[in-house]
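**Q** Mind having a look at this structure? Questions to follow.
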Amino acid sequence: MFRFGEPIFLYLLIIVPVLIGLFLYANYRRRKKIRIYGDPILLARLMPDISLYRPAVKFWLVLAALVMMIFVMARPQFGAKMETVKRQGVETVVALDISNSMLAQDVTPSRLEKAKKLISRLVETFNNDKVALIVFAGESFTQLPITSDYISAKMFLETISPSLISTQGTDIRGAIDLAMKSFTPKEGVGRAIVLITDGENHEGGAIEAAQEAAKKGVRVFVLGIGSPEGAPIPTETSNEFRRDKEGNVVVTRLNEKMCQEIAQAGNGVYVRVDNTNNAERVLNNEIDKLAKSEVETQVFTEYDEQFQVLAWLALVLLIIDVLILYRKNPLFKNVRLFK
């Protein structure tokens, strides 16, 4: 496995395009000034010892050496030894409602964006745990299979929008059923389904699905997002709000009663998500109470430093730069390697 021991130094690579831009601009200014003095071809004949290309060659050599040294400071490493370690953790499947009603803005900045930020912070608190991500509306599908790769979880989270599912509606039962199929077959591990929705269930059967999950030892936590007073649903393509067939603005409201019933049936807890962090704290505390099981994971425990090769390359490039003069060497007038 390849990694950088000090990846923060890679941010220094941002200076590379800046230096290239400055070099190209300086060349442009130099050529412009030469044209002011006279014909460039005539001036080149009057100064036969001046090289046209050597300054550029020296610049690219120094730039390449600089890039090498940045990589050296970042400490490239290759995994040399893999071991199987035992860690304790739980399995959590997050089922996120992405129906159009989740675009309502009665929670800042919107129900969906608030939910995504909450999930992101939840993932950051995980340690040795596994997480899966399901999205649902009128149907459900797995956005991310159960994994301990938290970086991928947050990456997939950023791509979520209502456009992922063309079938609108809110099939909570289908989401719970799919979540139950997402856990690993390992016995004795604490399992939870975190259902994030506004509770506008259009399909039915959600309470029965939560009861089935509880019978199998899976707790169903429900995060109700929105307000009972409700809010209009913005469209994704304009500043208008969605309207019904009669032309009236559609108002979506949090169905707290439905959310509470699902959580109770799933032996879980219902928490209302508002503009505070209370829901996040409650959920973290409840997940911490789950029984944690030992999970075997293969990890690299030793890494070999690989910076030496890059350091030698940087040194060779700098030596070549020193040997190349800006002016042509009289001993090699007929050599056209660097004109």
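**Q** From Val299, Val271, Val282, Val295, which residue is open to solvent by less than 70 Å² (accessible area, probe 1.4 Å), modelled with pLDDT of 85 or more, in a strand (DSSP E or B) and not acidic (Asp, Glu)?
**A** Among Val299, Val271, Val282, Val295, only Val271 is open to solvent by less than 70 Å² (accessible area, probe 1.4 Å), modelled with pLDDT of 85 or more, in a strand (DSSP E or B) and not acidic (Asp, Glu).
**Q** Just checking, how many residues over segment 164-184 are farther than 23 Å from Val123 by Cα, modelled with pLDDT of 85 or more and open to solvent by 60 Å² or more (accessible area, probe 1.4 Å)?
**A** Number satisfying all stated conditions: 1.
**Q** Out of the residues in segment 93-138 that are within 17 Å of the chain's Cα centre (by Cα) and free of Cβ contacts under 8 Å to residues at least 24 places away in the same chain, which is least open to solvent (accessible area, probe 1.4 Å)?
**A** Glu113
**Q** Which pairs do you get when a residue that is touching a residue at least 60 places away in the same chain (Cβ under 8 Å), found in segment 313-325, comes within reach of a residue that is of a type in the set (Lys, Arg), reach meaning Cβ atoms under 8 angstrom, with the pair 6+ apart or on two chains?
**A** Close Cβ pairs (under 8 Å, with a partner that is of a type in the set (Lys, Arg)) amount to Asp321/Lys58; Ile324/Arg54; Ile324/Lys58; Leu325/Arg54.
**Q** Anything in segment 141-163 that is within 22 Å of Thr235 (Cα to Cα) and either touching a strand residue (DSSP E or B) at 6+ places or on another chain (Cβ under 7 Å) or open to solvent by less than 40 Å² (accessible area, probe 1.4 Å) (or both)? List them, or say none.
**A** Listed by number, the residues that qualify are Leu157, Ile160, Ser161, Pro162.
**Q** While we're looking at this one, here's another question. If you check Glu212, Glu200, Glu187, which single one turns out to be open to solvent by 30 Å² or more (accessible area, probe 1.4 Å), more than 23 Å from Thr252 (Cβ to Cβ) and not in a helix (DSSP H, G or I)?
**A** Glu187
The values are calculated or read from the model by the stated rules, or taken from the named source; none is laboratory data. Keep in mind the model is a prediction, meaning the values are calculated, not measured. For neighbour counting, all protein chains shown are included, and Cβ atoms are generated from backbone atoms with ideal geometry for every residue, glycine included. Keep in mind that these areas ignore ligands, DNA and RNA; they rest on the heavy atoms of the full protein, side chains included. Shrake-Rupley method; radii C 1.70, N 1.55, O 1.52, S 1.80 Å.
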